[in-house]
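For reference, the structure discussed in these notes is given below.
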Amino acid sequence: MSDILQQVKDRDPQEREFHQAVEEFLNSVQPVLEINPEYRHAKILERLVEPERVIAFRVPWLDDQGQVQINRGIRVEMNSAIGPYKGGLRFHPSVNLSILKFLAFEQVFKNALTTLPMGGGKGGADFDPKGKSDNEVMRFCQSYMCELFRHIGPNTDIPAGDIGVGAREIGYLFGMYKRLANEFTGVLTGKSLNWGGSLIRPQATGFGVVYFAKEMLFTKEQSLKDKVCLVSGAGNVAQFTTQKLIEFGAKVVTMSDSSGYIYDENGIDDEKLAWIMRLKNVRRGRIKEYTQKYPEAVYTRVDSSSDHHPVWDHKADCVFPCATQNEINQKDAENLVKNRVIMVTEGANMPTTLEGINVLMDAGILFAPGKAANAGGVSVSGLEMTQNSMRLSWTRQEVDDRLNIIMQSIHKTCVETAAQFGMPGNYVMGANIAGFVKVAEAMMDQGVV
Ligand code: NDP
């Protein structure tokens, strides 16, 4: 294992996020290799850590002043052993190959856990939609798709949204794909309802996170009712995590964006959340405006270079990091332990550092890794693909029921797999092993490709 990790580090020394994701995964799968030596001979791990294909391309576009702007677009097609590549697009200035490789790597095992036939991929650009006009975003998306369209397709690679890519961006990307490919197919998920989208897709990741959390608490004969919860982020995942938590009787006291966070001791209720959704999705404003509308809340500015995030200092029962990678480090995790948090459920991808995970798990806190807990989004994307192929639309209830069943099944798989390998309650191990075995078996069946 350490040889493989070292090879990954030597080959691309600057890809720190990718190394982190690979290390977390390798720490879990050793016992599987011991009972399946054929995986070693077939070099399954060595193949898994190397993307099947990486596409990098120039994205030139004109801003509103008529100036030429140039960004870098990337698509990482990581593994297609169990289905076409599937995974979101991220538009954020921090996007680079390391971040997209870590996200694509995680996506491979997440998609395997959903029970749906989807391989793993991820893409994006170092483009920042914040502060751009709709026309600028449209021109960027159109230019991005001018190159990406030749690499994707409904049976090849089906992108979706992620940070900075919501319904608006998916619309512009789809419009250009349709024009270039001259066909109307389910090549992207997260589409609007009246042109091929699925009900519950916008809500799916957040709702799924909470369904998963409910199952975890149930193993301790507890529920979410009256639990005080810290949520980070104020985007898609954070909004619908908060909505479902409110519905289940929990009290959410924080939400954040990259500038800072709000703490509302009285709890964010449905009315306040609707206001936040308008603020973020329509006005595209900042979370600090919340305190102008609700003066009882407190806003704290966060210094991005600080070594810990003060949002995790507050007393709470349950924690839902839903913003971005590495937002809970060792020090944050120690604060959560000190404050007697009972559960951390990752809504974002890899929001907890390796050191942070160790602190939480050593303290016996229920800990759900993103690749299991946030798999509801890609699951409903899979259901959107099915509906597109069948040319029909399921009802809201039908999709929500299927989402709930999938999250329960992922939870059961994690619990049973961890117990089978002698680590009961270890969701990290359960998720990594179950996802790995499914992909490894498919790779063995398909030969050296
Ligand atoms: P959004 O763009 O809708 O929201 C992201 C939120 O996180 C915003 O509030 C944003 O603040 C904040 N944020 C982004 N970058 C940083 C940063 N560097 N530091 C602090 N805050 C930051 O994205 P999503 O809600 O879709 O995604 C959130 C997380 O969930 C990501 O990790 C994503 O990969 C993961 N995820 C998303 C899925 C989906 O279906 N959308 C599915 C599965 C996982 P600001 O506006 O200031 O940038």
Next on the checklist: Looking for something within 16 Å of the ligand (Cβ to nearest atom), under 23 Å from the mean Cα position of the chain (by Cα), surrounded by fewer than 18 Cβ atoms within 10 Å (Cβ to Cβ) and among the small types (Gly, Ala, Ser) - is there at least one such residue anywhere in the range 107-129?
Outcome noted: no
Item to check | Set Leu230, Leu188: member being out of contact with any Lys or Arg (no Cβ under 7 Å at 6 or more places or on another chain), more than 9 Å from the ligand (Cβ to nearest atom) and in contact (Cβ under 8 Å) with a residue 40 or more places away in the chain | outcome: Leu230
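Among helices (runs of 4 or more DSSP H) lying entirely in the range 193-287, which contain 2 or more residues that are of a type in the set (Asp, Glu)?
Once the helices (runs of 4 or more DSSP H) in the range 193-287 are filtered for at least 2 residues that are of a type in the set (Asp, Glu), what remains is 270-277.
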Checklist entry - Which members of the range 89-105 meet the condition of being in contact (Cβ under 8 Å) with a residue 60 or more places away in the chain and surrounded by 24 or more Cβ atoms within 10 Å (Cβ to Cβ)? => result Leu89, Arg90, Phe91, Ile99, Lys101, Phe102, Leu103, Phe105
Item to check | the range 371-388: number of residues that are within 13 Å of the ligand (Cβ to nearest atom), in a helix (DSSP H, G or I) and polar (S, T, N, Q) | outcome: 2
Checklist entry - Out of the range 329-362, which residues are part of a strand (DSSP E or B) and away from the ligand (no atom under 16 Å from the Cβ)? => result Met343
Checklist entry - Can you name every residue in the range 303-328 that is surrounded by fewer than 19 Cβ atoms within 10 Å (Cβ to Cβ) and either closer than 15 Å to Leu354 by Cβ or within 10 Å of the ligand (Cβ to nearest atom) (or both)? => result Ser304, Asn326
Next on the checklist: Residues that are touching a His at 6+ places or on another chain (Cβ under 9 Å), at least 2 per element: which strands (runs of 3 or more DSSP E) completely within the range 3-116 meet that?
Outcome noted: 53-62, 68-79
Next on the checklist: For Trp312, only one of the following conditions fails: (1) assigned to a helix (DSSP H, G or I); (2) over 14 Å from Ser232 (Cβ atoms); (3) aromatic (Phe, Trp, Tyr). What is its number?
Outcome noted: (2)
Next on the checklist: Being farther than 23 Å from Ala372 by Cβ, surrounded by fewer than 20 Cβ atoms within 10 Å (Cβ to Cβ) and within 16 Å of the ligand (Cβ to nearest atom) narrows it down to one residue among Gly197, Gly260, Gly175; which is it?
Outcome noted: Gly260
Checklist entry - Quick one: what pairs do we get from the range 22-43, first residue within 17 Å of Ala442 (Cα to Cα), second surrounded by 12 or more Cβ atoms within 10 Å (Cβ to Cβ) and among the hydroxyl-bearing types (Ser, Thr, Tyr), C-beta under 8 Å, 6+ apart or different chains? => result Val32/Tyr39; Leu33/Tyr39
Item to check | Qualifying residues in the range 135-172 (those that are acidic (Asp, Glu) and surrounded by fewer than 20 Cβ atoms within 10 Å (Cβ to Cβ)) - the one farthest from the ligand (Cβ to nearest atom) | outcome: Glu147
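Each reported figure results from applying straightforward, stated rules to the coordinates on display, with no laboratory input. Since we're looking at a predicted model, the values are computed, not measured. Every residue, glycine among them, receives a Cβ derived from its backbone with ideal geometry; neighbour counts consider all protein chains shown.
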